[in-house]
Amino acid sequence: MENKISLLGAGIHNVTMEEAMTVIDSFVAEGGLHQVITLNAEILYQAQENQRLLRLINKADLVTPDGSGIVWGANYLGMPLKERVSGIDLLWEICRVAPEKGWRIYLLGAAPGVAEQAAANLKIKYEGISIAGVRNGYFDMSSQEEVQSIVEEVRQAQADILFIAMGAPRQEYFIEDYGKEFGVKVAIGVGGSFDVVAGVVKRAPVFMQKMGIEWLWRLLCQPSRWKRMMNLPRFVRLVKKTKKKQGS
């Protein structure tokens, strides 16, 4: 894909949801592993001090602008993006077309019971969807035996698309380290999306999504996120500093 912008050193594909889905369709048809990252401002700010994360972002097969902060930052620096393509919206859209395409879906991550409930809800919402398997994200990453057991579970399920909900960048690292062993065509880190699909967490009202303040809703629902949310004003300051340097 050639249509990319560079924001704070990270390449981001300038795609609409429709275009992202066309790319994912081609990934499945092509075979082999393709990593998709839905990038938000919080993670991009982390990547400024985390070279592994920045390299991972830049080598991903598809990086979508997840979050109003990314869209704002790109626009502020004169590189307007077509639209926001968030992880949760991409998950819904993939699952919507999966029955027609014959794609098999695997859900890995979240707390015990959440992935199962998310799978049950997806089966109700999208008739004919094929859920190849589910597994919670509560396991010991330092135990090679346990990790390999999970990798083998996913491989045996013969899924086409793997959603991993472990939080960033843990989920992205997991894909980087073990992705080729999963046997899937597309692997996507989707953060807390399973909680939303399962009905454990309510997503922000549409008007807040449109206003670009979905982050505020998450903070109100989960006050413990406040430390993480401090990266948002830091991101804004960094973008403004970058703009100032460009003008000098």
Flagged in the stretch 223-241 as surrounded by fewer than 16 Cβ atoms within 10 Å (Cβ to Cβ) and modelled with pLDDT of 80 or more, in numbering order, are Pro233, Arg234, Arg237, Lys240, Lys241
Output yes when any residue across the stretch 114-131 is modelled with pLDDT of 95 or more, at positive phi and over 16 Å from the mean Cα position of the chain (by Cα), and no when none is.
-> yes
If we scan the stretch 124-144, do we find a residue that is under 16 Å from Trp92 (Cα atoms) and free of Cβ contacts under 8 Å to residues at least 12 places away in the same chain?
-> yes
Positions within the stretch 62-77 being surrounded by fewer than 22 Cβ atoms within 10 Å (Cβ to Cβ) and free of Cβ contacts under 8 Å to residues at least 60 places away in the same chain, in sequence order | Asn75
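Quick one: count up the residues across the stretch 153-177 that are within 20 Å of Gln35 (Cβ to Cβ) and without any contact (Cβ under 8 Å) to a residue 40 or more places away in the chain.
The number of residues fulfilling the criteria is 6.
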Output the helices (runs of 4 or more DSSP H) that fall wholly within the stretch 95-182 and possess 3 or more residues being out of contact with any Asp or Glu (no Cβ under 9 Å at 6 or more places or on another chain), of a type outside the set (Phe, Trp, Tyr) and surrounded by 17 or more Cβ atoms within 10 Å (Cβ to Cβ), or say none.
-> 114-125, 170-182
Restricting attention to the stretch 13-57, which residues are in contact with a Ser or Thr (Cβ under 8 Å, 6 or more places away or on another chain), within 21 Å of Gly179 (Cα to Cα) and hydrophobic (A, V, I, L, M, F, W, C)?
-> Ala20, Val36, Ile37, Leu39
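Okay, residues lined up against (1) among the aliphatic types (A, V, I, L, M); (2) in contact with a strand residue (DSSP E or B) (Cβ under 7 Å, 6 or more places away or on another chain); (3) over 16 Å from Leu44 (Cα atoms):
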position	(1), (2), (3)
Arg55	no, no, no
Lys59	no, no, no
Val63	yes, yes, no
Gly67	no, no, no
Ile70	yes, yes, no
Asn75	no, no, no
Asp89	no, no, yes
Top-ranked residue of the stretch 46-84 - restricted to ones that are under 15 Å from the mean Cα position of the chain (by Cα) and among the acidic types (Asp, Glu), ranked as modelled with the highest pLDDT = Asp61
With criteria (1) at pLDDT below 95; (2) under 18 Å from Glu116 (Cβ atoms); (3) more than 16 Å from the chain's Cα centre (by Cα); (4) not basic (Lys, Arg), Ala198 comes up short on (1)
Only one of (1) farther than 17 Å from Gly179 by Cα; (2) touching a residue at least 60 places away in the same chain (Cβ under 8 Å) fails for Pro99. Which number is that?
-> (2)
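Hey, among the residues in the stretch 24-45 that are over 15 Å from the mean Cα position of the chain (by Cα) and within 24 Å of Ala165 (Cβ to Cβ), which one's surrounded by the fewest Cβ atoms within 10 Å (Cβ to Cβ)? Walk me through how you get there before you give the answer.
Kept after step one, since they are over 15 Å from the mean Cα position of the chain (by Cα), are these residues of the stretch 24-45: 25-33, 45.
Okay, now just the ones that are also within 24 Å of Ala165 (Cβ to Cβ), so 25, 27-28, 32-33, 45.
Numbers: Asp25: 15, Phe27: 21, Val28: 18, Gly32: 10, Leu33: 18, Tyr45: 22.
Checked the stretch 24-45; the qualifying residue surrounded by the fewest Cβ atoms within 10 Å (Cβ to Cβ) is Gly32.
The values are calculated or read from the model by the stated rules, or taken from the named source; none is laboratory data. Just so we're clear, the structure is a prediction, and the values are computed from it rather than from any experiment. No Cβ is skipped: glycine too gets one built from the backbone with ideal geometry, and neighbour counts run over all protein chains shown.
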